[in-house]
Amino acid sequence: MRDQVLWRKEGRIADLLAERLDIDTERALDILYNSRTYALLENPDSGLQLQSDEYILNDLLREMED
(Lines give C-alpha, C1' and ligand atoms only; values in the text may rest on other atoms or scores of the structure.)
Protein backbone atom coordinates (compact mmCIF):
# COMPACT_ATOMS: atom_id res chain seq x y z
CA MET A 1 0.00 0.00 0.00
CA ARG A 2 2.85 2.38 0.82
CA ASP A 3 4.14 2.01 -2.76
CA GLN A 4 0.73 3.01 -4.16
CA VAL A 5 0.59 6.09 -1.95
CA LEU A 6 4.09 7.12 -3.01
CA TRP A 7 3.26 6.44 -6.67
CA ARG A 8 0.23 8.76 -6.45
CA LYS A 9 2.34 11.41 -4.69
CA GLU A 10 4.91 11.25 -7.50
CA GLY A 11 2.11 11.71 -10.04
CA ARG A 12 0.76 14.75 -8.22
CA ILE A 13 4.22 16.29 -8.02
CA ALA A 14 4.78 15.68 -11.74
CA ASP A 15 1.41 17.31 -12.51
CA LEU A 16 2.35 20.34 -10.40
CA LEU A 17 5.75 20.57 -12.10
CA ALA A 18 4.19 20.31 -15.56
CA GLU A 19 1.75 23.08 -14.71
CA ARG A 20 4.43 25.31 -13.17
CA LEU A 21 6.85 24.91 -16.11
CA ASP A 22 4.17 24.67 -18.81
CA ILE A 23 5.48 21.32 -20.06
CA ASP A 24 3.79 17.98 -20.63
CA THR A 25 3.51 15.49 -17.80
CA GLU A 26 5.81 12.99 -19.49
CA ARG A 27 8.63 15.55 -19.51
CA ALA A 28 7.86 16.48 -15.90
CA LEU A 29 8.11 12.82 -14.87
CA ASP A 30 11.46 12.56 -16.66
CA ILE A 31 12.76 15.58 -14.74
CA LEU A 32 11.44 14.21 -11.45
CA TYR A 33 12.78 10.67 -11.94
CA ASN A 34 16.27 11.97 -12.77
CA SER A 35 16.55 14.33 -9.81
CA ARG A 36 18.26 14.24 -6.43
CA THR A 37 14.86 15.10 -4.98
CA TYR A 38 13.42 11.86 -6.36
CA ALA A 39 16.27 9.85 -4.85
CA LEU A 40 15.46 11.39 -1.48
CA LEU A 41 11.74 10.79 -2.00
CA GLU A 42 12.41 7.10 -2.64
CA ASN A 43 14.38 6.82 0.61
CA PRO A 44 11.98 6.57 3.56
CA ASP A 45 14.79 7.54 5.94
CA SER A 46 15.00 11.01 4.36
CA GLY A 47 11.56 11.97 5.67
CA LEU A 48 10.72 13.70 2.39
CA GLN A 49 7.77 11.36 1.82
CA LEU A 50 6.07 13.01 4.79
CA GLN A 51 6.25 16.50 3.30
CA SER A 52 3.52 18.11 1.24
CA ASP A 53 3.50 17.90 -2.55
CA GLU A 54 4.12 21.65 -2.77
CA TYR A 55 7.12 21.40 -0.42
CA ILE A 56 8.64 18.65 -2.55
CA LEU A 57 7.91 20.59 -5.73
CA ASN A 58 9.71 23.64 -4.32
CA ASP A 59 12.68 21.45 -3.38
CA LEU A 60 12.77 20.11 -6.94
CA LEU A 61 12.56 23.58 -8.43
CA ARG A 62 15.44 24.78 -6.24
CA GLU A 63 17.46 21.77 -7.37
CA MET A 64 16.78 22.67 -11.00
CA GLU A 65 18.00 26.23 -10.42
CA ASP A 66 21.37 24.99 -9.13
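Measuring with a 1.4 Å probe in the full set of protein chains, what accessible area per residue, in whole Å², belongs to the chain?
Result: 69 Å² per residue.
Please give the calculated 222 nm ellipticity per residue for the chain, where each DSSP H segment of at least 4 residues contributes -39500 (n - 2.57) and the sum is spread over every residue; nearest 500 deg cm²/dmol?
-23000 deg cm²/dmol
Per residue of the range 7-12, what does 6.51 cos²θ - 1.76 cosθ + 1.60 with θ = phi - 60° give for ³J(HN,Hα)? Whole Hz please, x for Gly and Pro, Karplus curve as stated.
Using θ = phi - 60°, the values come out as 4, 5, 4, 4, x, 5 Hz.
Using the Cα centre of the chain as the reference point, and only Cβ charges (+1 on K/R, -1 on D/E), how large is the resulting charge dipole? Debye, rounded to the nearest 20.
Using only the charged Cβ atoms, the result is roughly 220 debye.
Can you list the HN-Hα couplings for the range 34-42, worked out from phi with the Karplus curve (6.51, -1.76, 1.60; θ = phi - 60°), rounded to whole Hz and with x for Gly and Pro?
9, 10, 5, 4, 5, 4, 5, 5, 6
If you plug each phi of the range 13-25 into the Karplus form 6.51 cos²θ - 1.76 cosθ + 1.60 with θ = phi - 60°, what whole-Hz ³J(HN,Hα) values come out, in order, with x for Gly and Pro?
5, 4, 4, 5, 5, 4, 5, 5, 9, 6, 10, 7, 5
Given a 1.4 angstrom probe, I'd like the percentage of the accessible area of the chain that is carbon and sulfur, rounded to a whole number.
C and S fraction of accessible area: 48 percent.
Taking +1 at the Cβ of each Lys and Arg and -1 at the Cβ of each Asp and Glu, which of 25, 58, 7 sits farthest along the dipole of the chain towards its positive end, judged by Cα position relative to the Cα centre?
My answer, from the dipole projection, is 7.
In angstroms, what radius of gyration and Dmax does the chain have, counting Cα atoms only?
10.9, 34
For residue 61, what charge total do you get from the other residues with a beta carbon under 11 Å from its beta carbon, if Lys and Arg give +1 and Asp and Glu give -1?
Result for the local shell: -3.
The values are calculated or read from the model by the stated rules, or taken from the named source; none is laboratory data. Worth saying up front: this structure is predicted, and the values here are computed from it rather than measured. When we count neighbours, we look across all protein chains shown, and the Cβ atoms used for this are built from the backbone with ideal geometry, even at glycine. Side chains are part of the model used for accessible areas, which takes the heavy atoms of the whole protein and leaves out ligands, DNA and RNA. Shrake-Rupley method; radii C 1.70, N 1.55, O 1.52, S 1.80 Å.
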